[in-house]
Amino acid sequence: MLKTENIKFARGTREILKGIDLEVANCEVTALLGPNGAGKSTLIKIMSGELTPDSGSVPVNDKKLADWDPMNLAKHRAVMPQKSALSFDFKVIDVVLMGRTPFNQGWDSKEDLELAINCLKEVECLHLKDRSFPTLSGGDQQRVSFARVLAQLQSEDKPKNLLLDEPVSSLDPEHQLKTLELARRRADAGVAVFVILHDLNMAAAFADKVAFLHNGHLKAFNTPEKVLTQPIIREVFNIDVDVQTHAQNGKLLITNARVAV
C-alpha cells in the first residue's frame, strides 16, 4: 500500500502540489488524471523518491519512504518512469534482468533468466531480447520497460507496489489495452497499482479508483462512477462529455467530447 500525506511541492513561487492526500490500496488500480501541467509526474516522482516534497510524507507499506533502505524498498516497489533514461548499448534481455537486481545483487541465475523471458513474452517482446535497447522504437522501449518492472514484482516479498507514469503513451491501441490488462492482473493478484493516464475511458475500464489533479489540488478521488461525472470532467478539462454505461460490460463510457462553451 502507498499513501501520500499532505504533499506540498513548489518550484520557486509556483505551487505545484498543494496538500495531496491519497491512498493506493493493495488489489486495486488507482488512476491519476489531469490536464497538462497539473503536477501528475511531479507527484509520482515524489512517490518514487526521485523528488523530495517541501512538506508531507509518503508511507510505503506503513513505513515512510525516507526510512526505507533503497535496495530493500526496491523489493517492495517498482517504478516505470514516463521515459527511459537508458542510453547505453544494453541488450533488451539485460534491461529486463535489471528488475531482478534487488533480489540477486546483479548475479543473474537461471531462474532469473527464465523469469525475464516470461515477462518479455507477456509484453510480446521476446523477439527483441537480443536487440540493443536504445535502437528500439519508443513504443517497444516502453513495453520492454514494462517487462522490467514486471520482473521486479516477481518474488515472495509482499505486499508489492507498482508506479506507472504514462505507461501507454507511445503504444498503439492494441498494446495500450494489453498493457493495462497486465497491470489489472497484477492488482488482482495483490499489487497496489498507481498509474498516470490521459484517457478517461481507459481509467473507467481498468481502475478501481480515479483521482483528478487540478490547479495543484486533488479535485476528486473515488470510484469511477463518483469521479467520472459531467460536472467534474468539465471543471478539470474544460470539455463537455456524455457519460453512459456500456451495455455489455457495465463500465462507464465517455463519449461525444467537445470543448466547453
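The values are calculated or read from the model by the stated rules, or taken from the named source; none is laboratory data. Source: prediction; values computed, not measured. For neighbour counting, all protein chains shown are included, and Cβ atoms are generated from backbone atoms with ideal geometry for every residue, glycine included. With ligands, DNA and RNA removed, areas are computed over all heavy atoms of the protein, side chains included. Shrake-Rupley method; radii C 1.70, N 1.55, O 1.52, S 1.80 Å.
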Selection within region 115-153 - acidic (Asp, Glu) and either closer than 18 Å to SER170 by Cα or free of Cβ contacts under 8 Å to residues at least 12 places away in the same chain (or both): GLU122, GLU124, ASP140
Is it fair to say LEU113 is of a type outside the set (D, E, K, R) and open to solvent by less than 40 Å² (accessible area, probe 1.4 Å)? no
THR101 fails exactly one of the following numbered conditions: (1) at pLDDT 95 or above; (2) β-branched (Val, Ile, Thr); (3) part of a helix (DSSP H, G or I); (4) open to solvent by 10 Å² or more (accessible area, probe 1.4 Å). What is the number of that condition? (1)
Quick one: count up the residues across region 1-51 that are crowded, with 21+ Cβ neighbours inside 10 Å, polar (S, T, N, Q) and not in a strand (DSSP E or B). 2
If you take the residues of region 71-98 that are farther than 19 Å from ARG143 by Cβ and part of a helix (DSSP H, G or I), which of them is most open to solvent (accessible area, probe 1.4 Å)? MET71
Suppose the filter is open to solvent by 50 Å² or more (accessible area, probe 1.4 Å), more than 17 Å from LEU22 (Cα to Cα), among the hydrophobic types (A, V, I, L, M, F, W, C) and modelled with pLDDT of 95 or more; does PHE237 pass it? yes
Search result, residues across region 199-224 that are open to solvent by 20 Å² or more (accessible area, probe 1.4 Å) and either farther than 23 Å from LEU150 by Cα or in contact with a Lys or Arg (Cβ under 9 Å, 6 or more places away or on another chain) (or both): LEU200, ASN201, ALA205, PHE206, HIS214, ASN215, HIS217, LEU218, LYS219, PHE221, ASN222, THR223
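For region 228-248, state whether one or more residues are hydroxyl-bearing (Ser, Thr, Tyr) and in a strand (DSSP E or B).
yes
Kindly establish whether LEU86 is modelled with pLDDT under 95 and not polar (S, T, N, Q).
yes
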